[in-house]
Amino acid sequence: MKPLTSEWISKAEGDFAIVERESRARRNPSYDGVCFHAQQCVEKYLKARICEAGSSVQKLHDLSALLDQVLPYEPLWESYRRDLAYLSDYAVNFRYPGESASRETALQARSFCRSFRKAARAALDVETS
């Protein structure tokens, strides 16, 4: 595995740890944070796969656009398009006043993140935990 791919995975796992921790918080959970970090985790796994394929990683946060770049290497990931489009909005939506995530929204974001993370780790030959 390329060193930069490993760095992307490490960053993705940091976001995943926050998703899991905030999802379990009993006092003052940050549902906005769960949604944002779920999006960030998926974004970084997409970028890890792009990097591992030898392509350049663009500075963009649109998960659908990143998915389009990955599909030549992982065509079965097309099945995640709807989930990734759902998560893509969380790169910005809940970071500013005017919208807040509910518990249900956060749990859905976590579910999508977990599912995609499992597929990405398998494709990158990373032990799934």
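The values are calculated or read from the model by the stated rules, or taken from the named source; none is laboratory data. Nothing here was measured: the structure is a model prediction, and the numbers come from that model. Counting neighbours? That spans all protein chains shown, and the Cβs are built from the backbone with ideal geometry, glycine included.
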Working only within segment 92-116, note down all residues that are crowded, with 19+ Cβ neighbours inside 10 Å and in contact with a Ser or Thr (Cβ under 8 Å, 6 or more places away or on another chain).
-> F94, A106, R110
Can you tell me which residue among V70, V126 is without any contact (Cβ under 8 Å) to a residue 40 or more places away in the chain, surrounded by 15 or more Cβ atoms within 10 Å (Cβ to Cβ), closer than 27 Å to S6 by Cβ and among the aliphatic types (A, V, I, L, M)?
-> V70
Looking only at segment 10-51, and only at residues there that are touching a residue at least 60 places away in the same chain (Cβ under 8 Å) and of a type in the set (A, V, I, L, M), the one that is nearest to A65 (Cα to Cα) = L46
Cβ pairs under 7 Å, 6+ apart or interchain, first in segment 100-113 and in contact (Cβ under 8 Å) with a residue 12 or more places away in the chain, second among the aromatic types (F, W, Y) and surrounded by fewer than 19 Cβ atoms within 10 Å (Cβ to Cβ), ordered by first then second residue, are F112/Y86
For C51, all conditions in the list (1) modelled with pLDDT under 95; (2) more than 20 Å from F112 (Cα to Cα) hold save one; what is the number of the exception?
-> (1)
How many residues of segment 91-109 are in a helix (DSSP H, G or I) and at pLDDT 90 or above? The answer is 7
Criterion violated by L46 - all others in (1) aliphatic (A, V, I, L, M); (2) out of contact with any Leu (no Cβ under 6 Å at 6 or more places or on another chain); (3) closer than 23 Å to E13 by Cβ satisfied | (2)
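Can you tell me which residues in segment 79-91 are of a type in the set (A, V, I, L, M) and surrounded by fewer than 21 Cβ atoms within 10 Å (Cβ to Cβ)?
Across segment 79-91, the qualifying residues are A85, A91.
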If you check R27 against the conditions, is it surrounded by fewer than 17 Cβ atoms within 10 Å (Cβ to Cβ) and assigned to a loop (DSSP other than H, G, I, E, B)?
-> yes
Could you check F112 against (1) at negative phi; (2) modelled with pLDDT under 95 and say which number it fails?
-> (2)
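Can you confirm whether segment 31-51 contains a residue that is in a loop (DSSP other than H, G, I, E, B) and out of contact with any Lys or Arg (no Cβ under 9 Å at 6 or more places or on another chain)?
Keep residues of segment 31-51 that are in a loop (DSSP other than H, G, I, E, B), which gives none.
No, there is no match, as no residue in segment 31-51 is in a loop (DSSP other than H, G, I, E, B) and out of contact with any Lys or Arg (no Cβ under 9 Å at 6 or more places or on another chain).
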Could you list, in sequence order, all residues of segment 60-84 that are in a loop (DSSP other than H, G, I, E, B) and within 15 Å of the chain's Cα centre (by Cα)?
-> L60, H61, D62
